[in-house]
Amino acid sequence: MSEPTNQKILHEGKAKVAFYTDDPNQVLLYYKDDATAFNGKKKGTIEGKGYYNNAITEILFKLLEEKGVPTQFISRPAEREMIVHFLNMIPLEVVVRNVAAGSISRRLGIPEGTVLKHPTLEFFYKDDDLDDPMVNEYHIHNLMDISDADLKTIGDMTLKVNEIVRPYLLERGIKLIDFKLEFGYDKDGKILLGDELSPDSCRFWDAKTDEKMDKDRFRRDMGRVEEFYAEVLKRLQA
C-alpha cells in the first residue's frame, strides 16, 4: 500500500511520514517498510514492517489508554496509517531496561540476558549527529527547557508503561527486555506518549526460547525478520 499522495508532508523520519490533515491538531502518520539501525548507518527494508508496527502500536496504545496512560493515538484508518494528536515533541528517548541487552551490556559489562534487579530508567538526547548520547537530569536542563515536574512525569509514565505492558506481553509468551518511548506536548500543554511501541522500539524475546523477535534481527543480520514481526502481532491478536 503506497503512502498518501494528496496530502502535504509535515515531516519524514526514518520509519514514518507525518502528513498534515484538515484539523491542525491532528496528524496522519504513515508507517514505512524502511529499516535503519545504528542511527541510520545501516539501512534496508523489512517487508510489511509498516503494517506490523502500526497494528502493534494500536493494540498497545489502546491498552495503555484503558489503563490511564494518555497517548497521541486517535484512530487507525488504514493498515499503515494512524491519526494522532499533533505533539510538540520533547527531544528525549526514555528507555526502560528489565534485562541487560544492547548498549547497557557494552557500557557496563553486564552479560546480555542478565535480569536487572530493578527496572532501570535511562534518558538519551535525540540528535543523530551526536549518536543520541545518554544524558542525566543536569544535562537535560542545560539542553532544553523542561521543568523538573514534567521530567518526573515522563519518567513516571515510562515506568507505568512497563508495569502495564510487561505482564500483558508475558501472558502472550513474550518477554519485554527493554523499550524506548518518546513524549510530546499537545495543544493544551498536556504530556502524551507519542511515536510507537513496536518491534522497532522494543526488545521482545520469546518467553520460552529467548529467541529475538524484534529489530535486533535486522541489526545483527539474523534473518527471518519479517517472520518474527508477524509473530508478535499474531500473539497480540490471539
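The values are calculated or read from the model by the stated rules, or taken from the named source; none is laboratory data. It should be emphasised that the depicted structure is a prediction, and the values quoted were computed from it without experimental measurement. Cβ: placed from backbone, ideal geometry, glycine included. Neighbour counts: every protein chain shown.
Contact annotation: residue pairs with Cβ atoms under 8 Å, 6 or more positions apart or on different chains, pairing a residue in the range 217-229 that is at pLDDT 95 or above with a partner that is surrounded by 13 or more Cβ atoms within 10 Å (Cβ to Cβ) and of a type in the set (S, T, N, Q), are 229/53. Here is a check on your reading of the model: is residue 50 closer than 29 Å to residue 144 by Cα and not in a strand (DSSP E or B)? The answer is no for residue 50. Residue count for the range 165-190 satisfying the condition of being touching a Ser or Thr at 6+ places or on another chain (Cβ under 7 Å) and surrounded by fewer than 18 Cβ atoms within 10 Å (Cβ to Cβ): 0. Take the residues in the range 47-64 that are within 19 Å of residue 26 (Cα to Cα) and touching a strand residue (DSSP E or B) at 6+ places or on another chain (Cβ under 6 Å), then tell me which one is surrounded by the fewest Cβ atoms within 10 Å (Cβ to Cβ). If we take residues in the range 47-64 being within 19 Å of residue 26 (Cα to Cα) and touching a strand residue (DSSP E or B) at 6+ places or on another chain (Cβ under 6 Å), then 58 is surrounded by the fewest Cβ atoms within 10 Å (Cβ to Cβ).
With respect to residue 71, determine if the residue is of a type in the set (Ser, Thr, Tyr), without any contact (Cβ under 8 Å) to a residue 40 or more places away in the chain, outside the structural domain of residue 203 (by TED's automatic domain parsing) and surrounded by 13 or more Cβ atoms within 10 Å (Cβ to Cβ). It is false that residue 71 is of a type in the set (Ser, Thr, Tyr), without any contact (Cβ under 8 Å) to a residue 40 or more places away in the chain, outside the structural domain of residue 203 (by TED's automatic domain parsing) and surrounded by 13 or more Cβ atoms within 10 Å (Cβ to Cβ).
Evaluate the following for residue 98: is it at pLDDT 95 or above, within 22 Å of residue 216 (Cβ to Cβ) and assigned to a strand (DSSP E or B)? Judged against the criteria, residue 98 is a match.
Filtered by the rule that a residue be surrounded by 12 or more Cβ atoms within 10 Å (Cβ to Cβ) and more than 24 Å from residue 69 (Cβ to Cβ), the range 135-164 gives 139, 141, 143. Given the criteria in contact with a His (Cβ under 6 Å, 6 or more places away or on another chain) and either on the phi < 0 side of the Ramachandran plot or among the basic types (Lys, Arg) (or both), does residue 200 qualify? Criteria not met by residue 200. Going through the range 101-124 one residue at a time, which ones are of a type in the set (A, V, I, L, M), touching a strand residue (DSSP E or B) at 6+ places or on another chain (Cβ under 7 Å) and in a loop (DSSP other than H, G, I, E, B)? Answer for the range 101-124, where residues must be of a type in the set (A, V, I, L, M), touching a strand residue (DSSP E or B) at 6+ places or on another chain (Cβ under 7 Å) and in a loop (DSSP other than H, G, I, E, B): just 101. Is there any pair with a first residue in the range 121-134 that is loosely packed, with under 13 Cβ neighbours inside 10 Å and a second that is of a type in the set (Gly, Ala, Ser) and modelled with pLDDT under 95 whose Cβ atoms are under 7 Å apart and which are 6 or more apart or on different chains, and what are they? From the range 121-134, the pairs are 128/40. Suppose the filter is within 16 Å of the chain's Cα centre (by Cα), of a type in the set (Ser, Thr, Tyr) and within 24 Å of residue 137 (Cα to Cα); does residue 71 pass it? Answer is yes for this residue. Would you confirm whether or not the range 83-106 contains a residue that is of a type in the set (A, V, I, L, M), farther than 22 Å from residue 196 by Cβ, assigned by TED's automatic domain parsing to the domain that holds residue 166 and loosely packed, with under 15 Cβ neighbours inside 10 Å? So far as the range 83-106 goes, no, none of its residues is of a type in the set (A, V, I, L, M), farther than 22 Å from residue 196 by Cβ, assigned by TED's automatic domain parsing to the domain that holds residue 166 and loosely packed, with under 15 Cβ neighbours inside 10 Å.
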